[in-house]
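Take a look at the structure set out below.
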Amino acid sequence: MGDIFERLVKNYGPLGQHRERAHGYFAFPKLDGEISNRMNFRGKEMIVWSLNNYLGLANHPEVRKTDADASAQYGLATPMGARMMSGNSDYHEQLEAELAAFEEKEDSILMNYGYQGIMSTIDAICGRHDVIVYDAEAHACIIDGLRLHPGHRYVFKHNDVEDCKKQLERATALIEKQKSGGILVITEGVFGMAGDQGKLKEIVALKSKFDFRLLVDDAHGFGTLGERGAGAGEAQGCQDGIDLYFSTFAKSMASIGAFMAGPKVIIDYIRYNIRSQIFAKSLPMPFVIGNLKRLELLRTKPELKNTLWKNALKLQQGLKDRGFDIGNTDSVVTPVYMKGGVEEATAMVMDLRENYRIFCSIVVYPVIPKGHIIYRLIPTASHTDQDIEETLKAFSETKEKLVAGEYKVSMIPDMAEKKF
Ligand SMILES: Cc1ncc(COP(=O)(O)O)c(C=O)c1O
């Protein structure tokens, strides 16, 4: 008989295998100081492009004060217990009502984490005869939700509406044969890696030909898209056609928690059947009160979103003008596509950090195909023109070095903070 622990230490997985050289630097880095455009990394100040603090709310003085006051008044324990048992409060219900109104839905339900919330919503609302049709690049929380689904699931090619239609035809045929079940389509408002918006308007239009319900994970669209910041549904003018609208508080709201908004009767059903909330302690009061403040600022301070977009467009245009490939982003998420091996990518990231003081995230094989590198830049309202200019200069210079083969190293440099 094999021993599970023995197997695990023989193979730490595709990313874990690099931990001896990467831990604390390429993976699990520690950024110190106030969350902002510039933070400290290993004792050096860096321009930070890897935080989803889109609106700059993380260090907004009103937010910091509200968080502090609510913590002083309630501590982190209140309210104790799961919402259903003893953990409900007027503040929780107020936040749900305000989120629902903002998203033009009848009701909403709070979730402690978006990841668990999406998984558990899929589990709660889909039965074994239901079919889920989903985008191939759906976030891990959607994929894990599908693992809980006992029925069929059909994937459509990323943002390919024709293929979505084909999968809807397959799903419809299966349901007609089974004589029971329905269809749930799941996609995203903005795909967080490439920054392209989901084709929500086109998918909603398919409702004239097919019977289905649509769930949209708008983690990156909430607060950043649409005239009021209500997200990708508002931006594309199809919020009505989204049956269940989801966002986390981990990005524009710079906090913790999430919500799902939709028709009152369905949200009530979820409230009484979502296992990740029923069997877990409710969101502590400082988070709820802090999220009410963030939502108020998000709604009443359009200048935050305007500054975010001014910065994003300046960065994106600057990259394009310098010949960089930023793909099809139509959100503030800014990917930069380059070619190179994992080792080269790490050497370039080191140069960017150590010599140019630019901190950004990279995505390499096995997350994306071999030979490709994606630098992912997240502009925020707290970045400055100077940050953008310095970054564009650094990218131009390091790209030249990459093309000249200056980063060709045979292995990932050993930058680990601790020895394993
Ligand atoms: C698209 C998307 N959905 C869901 C989540 C998970 O949200 P949370 O961090 O609240 O668990 C994330 C990441 O935060 C995300 O990017």
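Brief remarks on what is shown
- Accessible area in square angstrom per residue, segment 205-259, 1.4 angstrom probe: 30 Å²
- Helix 161-178 vs. the chain, principal-axis angle (Cα, 0 to 90°, nearest 10): 40 degrees
- At full extension, residue 85 and residue 59 could sit 6.0 nm farther apart than now, given 0.36 nm per residue minus the alpha carbon distance.
- Computed over segment 272-348: relative contact order in percent, which uses C-alpha pairs under 8 Å that are six or more apart: 16 percent
- A simple packing score, the average count of other Cβ atoms within 10 Å per residue, orders the peptides 396-402, 243-249 as 243-249, 396-402, with the highest score first.
- Structure remark: mean-square fluctuation, Gaussian network model of the chain, C-alpha springs under 10 Å; the largest value among 387, 69, 130 belongs to 69.
- Mean residue ellipticity (222 nm) of the chain, computed from DSSP H runs ≥ 4 via -39,500 (n - 2.57), nearest 500: -12500 deg cm²/dmol
- Relative contact order for the chain, counting Cα pairs under 8 Å that sit 6 or more residues apart, in percent: 23 percent
- Where segment 264-420 is the region considered: accessible area per residue in Å², 1.4 Å probe: 47 Å²
- Probe 1.4 Å, protein heavy atoms only - accessible area per residue of segment 1-127 in square angstrom: 54 Å²
- Rounded to the nearest whole Hz, the Karplus-based 3J(HN,Hα) values (6.51 cos²θ - 1.76 cosθ + 1.60, θ = phi - 60°) of segment 184-194 follow the sequence 10, 9, 10, 8, 10, x, 9, 7, x, 7, 8, with x at glycine and proline.
- Ranked by the mean number of other Cβ atoms within 10 Å of their residues, highest first, the peptides 14-20, 225-231 fall in the order 225-231, 14-20.
- The portion of the accessible surface of the chain made up by carbon and sulfur, rounded to a whole percent, is 54 (1.4 Å probe; DNA, RNA and ligands excluded).
- Segment 128-181: C-alpha gyration tensor shape, a/c 1.5 cut-off, then a/b vs b/c: oblate
- Degrees between helix 264-273 axis and first principal axis of the chain (Cα, 0 to 90, nearest 10): 80 degrees
- Rounded if a/c under 1.5, otherwise prolate or oblate - segment 1-101, Cα gyration tensor axes: oblate
- Segment 166-206 and segment 224-274 have Cα centres lying 17 Å from one another.
- Stokes-Einstein D for segment 231-341, Kirkwood Rh over Cα pairs, 4 °C, 1.567 mPa s (µm²/s): 75 µm²/s
- Segment 135-195, relative contact order in percent, only Cα pairs under 8 angstrom and at least six apart counted: 37 percent
- J(HN,Hα) series, segment 216-225, from Karplus relation 6.51 cos²θ - 1.76 cosθ + 1.60, nearest Hz, glycine and proline x: 10, 8, 10, 3, 9, x, 4, x, 10, 10
- Judged by the mean number of other Cβ atoms found within 10 Å, the most tightly packed of the peptides 93-104, 283-294, 361-372 leads the ranking 283-294, 93-104, 361-372.
- Separation between Cα centres of segment 127-163 and segment 387-420, rounded to whole Å: 37 Å
- Cβ-defined net charge surrounding residue 311, 12 Å radius [Lys, Arg +1; Asp, Glu -1]: 0
- Computed from Cα positions, the angle between helix 114-125 and the longest principal axis of the chain comes to roughly 30 degrees.
The values are calculated or read from the model by the stated rules, or taken from the named source; none is laboratory data. Just so you know, these numbers come straight off a predicted model, no measurement behind them. All Cβ positions, glycine included, derive from the backbone under ideal geometry; neighbour counts span all protein chains shown. Areas reflect the complete protein model, heavy atoms only, side chains present, ligands, DNA and RNA absent. Shrake-Rupley method; radii C 1.70, N 1.55, O 1.52, S 1.80 Å.
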